[in-house]
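The values are calculated or read from the model by the stated rules, or taken from the named source; none is laboratory data. All values reported here derive from a predicted model rather than from experimental measurement. Cβ placement follows ideal geometry from the backbone for every residue including glycine, while neighbour counts extend to all protein chains displayed. To get the accessible areas, we keep the full protein, side chains included, count just its heavy atoms, and leave off ligands, DNA and RNA. Shrake-Rupley method; radii C 1.70, N 1.55, O 1.52, S 1.80 Å.
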Amino acid sequence: MKNILITGGTGNLGQTVVKTLSDHGYHLHLAVRSDVADNAENVSYYPTDIADNEQAERLLAKIVSENVTVNAGVFLAGGFEPGKLAETSMDDISRMISINFATAFTVAQKLITHYKTAGGGKLIFVGAKAAMNPQAAASSLAYSLSKQLLYNFSELINESEKSAGTTSHILLPGIIDTTANRKAMPEADFSKWISPADMAATIGEIIAGNETRAVIEF
């Protein structure tokens, strides 16, 4: 049975991903903000501040303490804030980097070390299609910079860790069709949004080895 470490698994997208991967029969290890009472048979929960380096290290140490090999890390934790250049402060940028990049970097770094002795593994990140387009990114500067950082990090992993059998993949969706986004933008055309189920299916294909692209746009 493959073991998958997931951050952000209780969020809007995360719940769909967790159900999909659970249905595939994987054992899921979820980093969560607080204890979860109802543990599914193949899901383990670990209260962790994933942006904190020491807690991230303890998280992975606890997962692998019983000879468990983690096969993939799926990084779904994050958040969005609008804001044009004139409205954006360094505090805004630091906050978005903490939410969207640090939450992935700390755990991914520990997983990469684990993969060196485990024969490799997969890392799966969620960026943003709009963040890669300067015209679209300008309306959410801090958010876009944090997602661009995640994209560059994924590229660097593929360059530096390929000899160890580690591959990194980043999904670049448009607006994801979640309840929260529908409430925030009730007048939008939901038919043009990205289905969480499609993203979850793609993550499943990456883990299964059927999808090898490093960058996947939706």
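Tabulated data
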| item | result |
| --- | --- |
| Qualifying helices (runs of 4 or more DSSP H) (wholly inside region 61-141; at least 2 residues being of a type in the set (A, V, I, L, M), closer than 17 Å to ASN158 by Cβ and at pLDDT 95 or above) | 103-118 |
| Total residues in region 134-166, condition open to solvent by 50 Å² or more (accessible area, probe 1.4 Å), within 30 Å of ALA118 (Cβ to Cβ) and in contact (Cβ under 8 Å) with a residue 40 or more places away in the chain | 2 |
| PHE153 in a strand (DSSP E or B) and within 23 Å of LEU21 (Cβ to Cβ) | no |
| Subset of region 97-108 that is closer than 20 Å to ILE206 by Cβ and out of contact with any helix residue (DSSP H, G or I) (no Cβ under 7 Å at 6 or more places or on another chain) - its residue that is most open to solvent (accessible area, probe 1.4 Å) | THR103 |
| Scan of region 178-194 for residues that are open to solvent by 40 Å² or more (accessible area, probe 1.4 Å) and of a type outside the set (Phe, Trp, Tyr), ordered by number | THR179, ALA180, ASN181, ARG182, LYS183, ALA184, MET185, PRO186, GLU187, ASP189, SER191, LYS192 |
| Some residue of region 200-215 being under 30 Å from MET90 (Cα atoms), within 16 Å of the chain's Cα centre (by Cα) and modelled with pLDDT of 95 or more | yes |
| Condition met for GLN148 (more than 18 Å from LEU60 (Cα to Cα) and of a type in the set (S, T, N, Q)) | yes |
| Qualifying positions in region 110-133 - open to solvent by less than 30 Å² (accessible area, probe 1.4 Å) and under 15 Å from ILE207 (Cβ atoms) | LEU111, TYR115, GLY120, GLY121, LEU123, ILE124, PHE125, VAL126 |
| Filter result for the condition that a residue is closer than 25 Å to ASP177 by Cα, at pLDDT below 95 and open to solvent by 30 Å² or more (accessible area, probe 1.4 Å), over THR16, THR10 | THR10 |
| Residue ID - nearest to GLY11 (Cα to Cα), chosen from residues in region 195-218 that are surrounded by 13 or more Cβ atoms within 10 Å (Cβ to Cβ) and among the β-branched types (Val, Ile, Thr) | ILE203 |
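Residue-by-condition table, conditions (1) surrounded by 11 or more Cβ atoms within 10 Å (Cβ to Cβ); (2) closer than 26 Å to LEU171 by Cα; (3) within 16 Å of the chain's Cα centre (by Cα):
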{"position": "ASN53", "(1), (2), (3)": "yes, yes, no"}
{"position": "ALA56", "(1), (2), (3)": "yes, yes, yes"}
{"position": "VAL64", "(1), (2), (3)": "yes, no, no"}
{"position": "VAL68", "(1), (2), (3)": "yes, no, no"}
{"position": "ASN71", "(1), (2), (3)": "yes, yes, yes"}
{"position": "PHE80", "(1), (2), (3)": "yes, yes, yes"}
{"position": "LEU85", "(1), (2), (3)": "no, yes, no"}
{"position": "MET90", "(1), (2), (3)": "no, no, no"}
{"position": "SER94", "(1), (2), (3)": "yes, yes, no"}
